[in-house]
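The values are calculated or read from the model by the stated rules, or taken from the named source; none is laboratory data. If you're wondering where the values come from, they're calculated on a predicted model, not measured in any experiment. Cβ atoms come from the backbone with ideal geometry, glycine included; neighbour counts cover every protein chain shown.
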Amino acid sequence: MPGIDLHLHTTASDGAFAPANLVRMAHEASLDCIAITDHDSTDGVAAAQEAGQNCGVRVIAGIEFNTMWHGQSVHILGYFVDMEHPELQTVVARQRDGRLYRAQKMVEKLAVLDLPLSWEDILERADGGAVGRPHIAKAMMEQGYVRDSNEAFAKYLGHGMPAYVEQPKLTPGDAVTLLHQAGGAAGLAHPYNVEGADQVDLDTLVPELADAGLDAIETYYTGYTAGQQAEILDIAERLDLIPTGGSDFHGGGILTQARLGAISVPPESLARLEAAVRQHATL
């Protein structure tokens, strides 16, 4: 069975590896098909697709939108998106500006806490990609303020912590609509949060998104128990959603248990995603 991972991050957002390097690593991990789903960015896709052509890995153009639903963070994945779609890139630019503003405010809060950081150093770490909390965490580690990224999030950067700043976000329904407009399919990412954040009400959220046109729900995911996976499969069947998945591999201390090649999506799920994209194109 081919290795399929539909949730990977590069340095275009908060991943630790450049797109071409990540594709080579995916090839070494026996993955045949991957999706690059950087947060609020498609900048890493073209380089990843070029690398994929060179080593025989199919690379799907994807994205992960950070959205807000009744005060809670909900992530929406896009698959097979048109990276040149004007409205998609307008929203991406707006999201990127929001992330930059958020990061600046977090650095300001850390300074008030007597934990000063160089903003120029953080921008350099992002290397032209979307600035995120992992870049701030790494700067904190180098300054000796924390031992590792986990401590940075647990004490300062995580939700509700002293340096946390919320980012203005899309609604999940808006993200689904936008992804369809951009020629793609839309999926709910990691419906169960394995990192301890407050759990959203899936019984309300998922039917609402299904009514808005959601195509898929991430079912095969790093850290899920067999029981959680079975529950999501049941939701997918009841609401006629495609069970997708991926490792959510970042490297660099984010979701440290994620491993390339450890999660593989059934080929029929990929085929159903492709069929959904073709159906949207006829509407």
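Can you work out which of the residues in segment 130-169 that are out of contact with any helix residue (DSSP H, G or I) (no Cβ under 7 Å at 6 or more places or on another chain), outside any helix (DSSP H, G or I) and not small (G, A, S) is modelled with the lowest pLDDT? Per the stated criteria, the residue is K169. Just one residue in the set G196, G246 is at pLDDT 95 or above and either of a type in the set (G, A, S) or farther than 30 Å from A139 by Cα (or both); that residue is G246. Restricting segment 23-39 to residues that are crowded, with 24+ Cβ neighbours inside 10 Å and touching a helix residue (DSSP H, G or I) at 6+ places or on another chain (Cβ under 7 Å) leaves a set whose member that is farthest from Q167 (Cα to Cα) is V23.
Filtering segment 71-115 to residues that are in a loop (DSSP other than H, G, I, E, B) and without any contact (Cβ under 8 Å) to a residue 12 or more places away in the chain leaves G71, E84, D114.
Within the group A61, A103, A111, which residue is under 30 Å from L6 (Cβ atoms) and either among the basic types (K, R) or in the same structural domain as A137 (by TED's automatic domain parsing) (or both)? Sole residue among the options that is under 30 Å from L6 (Cβ atoms) and either among the basic types (K, R) or in the same structural domain as A137 (by TED's automatic domain parsing) (or both): A103.
Filtering segment 243-278 to residues that are assigned to a strand (DSSP E or B) and without any contact (Cβ under 8 Å) to a residue 60 or more places away in the chain leaves only P243. Filtered by the rule that a residue be part of a helix (DSSP H, G or I) and closer than 18 Å to D215 by Cβ, segment 225-242 gives I232, L233, D234, I235, A236, E237, R238, L239.
Within segment 197-208, restricting attention to residues that are free of Cβ contacts under 8 Å to residues at least 40 places away in the same chain and assigned to a helix (DSSP H, G or I), the residue that is surrounded by the fewest Cβ atoms within 10 Å (Cβ to Cβ) is D203.
For segment 50-68, the criterion of being touching a residue at least 24 places away in the same chain (Cβ under 8 Å), of a type in the set (A, V, I, L, M), under 28 Å from V265 (Cβ atoms) and not in a strand (DSSP E or B) is met by at least one residue. Reported count of residues in segment 188-242, each being hydroxyl-bearing (S, T, Y) and closer than 22 Å to G158 by Cβ, is 4. Counting only residues that are at pLDDT 95 or above and outside any helix (DSSP H, G or I), which one in segment 170-187 is farthest from H39 (Cα to Cα)? Taking the candidates together, the pick is G183.
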